[in-house]
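K.L.:
Okay, handing you the structure first.
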Amino acid sequence: MTYKMTLALAALAIGAVATGCKQKAAEPAADEPAAYLMAYFSDSDHSLHFALSRDGYTFTALNDNQPIISGDTIADQHGIRDPHIYRGPDGKYYLVLTDLHIYGKEAGLRDTNWERGDEYGWGNNRGIVLMKSDDLINWTHNEARLDELWPEDYADIGCAWAPQTIYDPETDQMMIYFTIRKVGEGLDKGNPTDRKTRLYYSYANPEFTTLATKPELLYEYPDSNIQVLDADICPMPDGRYMMTYVAQENPGGIKVAYSDKINRGYNYVEQQIDGEDGACEAPNAWKRIGEDKWVVMYDIFSIQPHNFGFVETSDFQNFTPLGRFNEGPMKTTNFTSPKHGSVIWITEPEAQRLEQHWNK
């Protein structure tokens, strides 16, 4: 990928506007965004899956919805969740994932329901997986264990979940932000704040093999008794950032906050934007190619079978419901019930290379 192409993709990704032209669009150049790549996982295999779309509405799973990368090959717990994919300004692709298998006992991986019993709550993992690629096919992978990197502060954390990556232009670094629950020895277990999930950020090392800075608080919810998790940060055309996240109220759902700084200063907004009757999680915002529209995709885990829901915005203030997969304009062709997904733009040659590789 050329530097010129990288700059073009980055510029488009943070706010290209629609032309309003009614004529048939020209075929995109080889180095222009032309398709959407969705990363997601499945509860059935705790592995990474990919799906492609040319129009941003209908997605088709690669590899016939079989895993692109098996979770047991890259994670300490032999399973992954919450994959987030990102194209950096260097033209590389970045994946970060939760190292967690919630059915480890049923899969014969351990004797207990959770890795450390029930003391640490639901999931109780301590690590995230960092991956990097030049071509979306061949990936490096490394594990970042918070309890090993900073034992003085994170030896007994309850969880490290839902990591995401974004480039921070202020520091010229790749920022990873994720959910942490602090609970364990040395903490006041009678203090509800110590047992609530909160949002933190850290910076990766240049090789993207580990976390280089101790996690710091990203956002403080006004009610410390409410758990917040699953943040997604989206650059806005005016230079600010929109952060969507989950507040586990009643029901838990998708909220939004804004800041002119990527890692601090997010303001609280009372509005919940998902419009679902039940609880949902895992928001991810992505822009439609060539249009002044952004989609916020989220995981509705409170319904069976679970599904993704969608809202759309042009002004980052008003969010129009698009319904759920296969219940409105958003469609899947060969898969159902994806979990915790994320979407990036890719070029037509990249889309064809993925199809040729996985759809043999």
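K.L.:
Filter the stretch 275-292 for residues that are in a strand (DSSP E or B) and aliphatic (A, V, I, L, M); which is surrounded by the fewest Cβ atoms within 10 Å (Cβ to Cβ)?
P.N.:
Initial filter on the stretch 275-292 (in a strand (DSSP E or B)): 281-287.
Filter once more, so that each one left must be aliphatic (A, V, I, L, M): 282, 285.
Working: ALA282: 26, ALA285: 23.
Here the residue is ALA285.
K.L.:
Follow-up. Can you pull out the residues in the stretch 57-106 that are farther than 23 Å from GLN356 by Cα, among the basic types (Lys, Arg) and within 16 Å of the chain's Cα centre (by Cα)?
P.N.:
ARG81, the sole residue that qualifies.
K.L.:
Which is surrounded by fewer than 21 Cβ atoms within 10 Å (Cβ to Cβ), acidic (Asp, Glu) and closer than 18 Å to GLY278 by Cβ, of GLU355, GLU327? Write out each step before concluding.
P.N.:
Working: GLU355 fails: closer than 18 Å to GLY278 by Cβ.
Of the residues listed, the single one that is surrounded by fewer than 21 Cβ atoms within 10 Å (Cβ to Cβ), acidic (Asp, Glu) and closer than 18 Å to GLY278 by Cβ is GLU327.
K.L.:
Give PHE301, PHE308 a once-over and let me know the one that is surrounded by fewer than 21 Cβ atoms within 10 Å (Cβ to Cβ), in contact (Cβ under 8 Å) with a residue 12 or more places away in the chain and under 16 Å from the mean Cα position of the chain (by Cα).
P.N.:
Working: PHE308 fails: surrounded by fewer than 21 Cβ atoms within 10 Å (Cβ to Cβ).
The conditions single out PHE301.
K.L.:
Oh, and also: Please specify each residue of the stretch 63-84 satisfying the condition of being surrounded by fewer than 21 Cβ atoms within 10 Å (Cβ to Cβ), out of contact with any helix residue (DSSP H, G or I) (no Cβ under 7 Å at 6 or more places or on another chain), in a loop (DSSP other than H, G, I, E, B) and not charged (D, E, K, R).
P.N.:
GLN66, PRO67, SER70 - these are the residues of the stretch 63-84 that are surrounded by fewer than 21 Cβ atoms within 10 Å (Cβ to Cβ), out of contact with any helix residue (DSSP H, G or I) (no Cβ under 7 Å at 6 or more places or on another chain), in a loop (DSSP other than H, G, I, E, B) and not charged (D, E, K, R).
K.L.:
Among strands (runs of 3 or more DSSP E) lying entirely in the stretch 158-274, which contain 3 or more residues that are surrounded by 14 or more Cβ atoms within 10 Å (Cβ to Cβ), out of contact with any helix residue (DSSP H, G or I) (no Cβ under 9 Å at 6 or more places or on another chain) and not acidic (Asp, Glu)?
P.N.:
So the answer is 173-182, 197-203, 228-235, 241-247, 253-259.
K.L.:
Which of the residues that make up the stretch 329-360 are more than 23 Å from PHE308 (Cα to Cα) and either small (Gly, Ala, Ser) or outside any strand (DSSP E or B) (or both)?
P.N.:
GLU348, PRO349, GLU350, GLN352, ARG353, LEU354, GLU355, GLN356, HIS357, TRP358, ASN359, LYS360 - these are the residues of the stretch 329-360 that are more than 23 Å from PHE308 (Cα to Cα) and either small (Gly, Ala, Ser) or outside any strand (DSSP E or B) (or both).
K.L.:
Also, quick follow-up: What pairs can you find where one residue is in the stretch 92-112 and hydroxyl-bearing (Ser, Thr, Tyr), the other is modelled with pLDDT of 95 or more and surrounded by fewer than 14 Cβ atoms within 10 Å (Cβ to Cβ), and their Cβ atoms are less than 9 Å apart, with a gap of 6+ or different chains?
P.N.:
Partner pairs satisfying both residue conditions: TYR93/ASP134; TYR93/ASP135.
K.L.:
Residue by residue through the stretch 96-124, note down the ones that are modelled with pLDDT under 95, closer than 27 Å to THR210 by Cβ and of a type in the set (Ser, Thr, Tyr).
P.N.:
Passing the criteria: only TYR120.
K.L.:
Every residue in the stretch 139-157 that is part of a loop (DSSP other than H, G, I, E, B) and at pLDDT below 95, please. Let's see the steps before the verdict.
P.N.:
Within the stretch 139-157, the subset part of a loop (DSSP other than H, G, I, E, B) is 150, 155-156.
Across the stretch 139-157, the qualifying residues are ALA155, ASP156.
K.L.:
How about the stretch 46-60: which of its residues are crowded, with 19+ Cβ neighbours inside 10 Å and assigned to a loop (DSSP other than H, G, I, E, B)?
P.N.:
HIS46, SER47, GLY56
The values are calculated or read from the model by the stated rules, or taken from the named source; none is laboratory data. Computed from a predicted model, the values in this text were never measured in an experiment. So basically every Cβ, Gly included, is an ideal-geometry build from the backbone, and we count neighbours across all protein chains shown.
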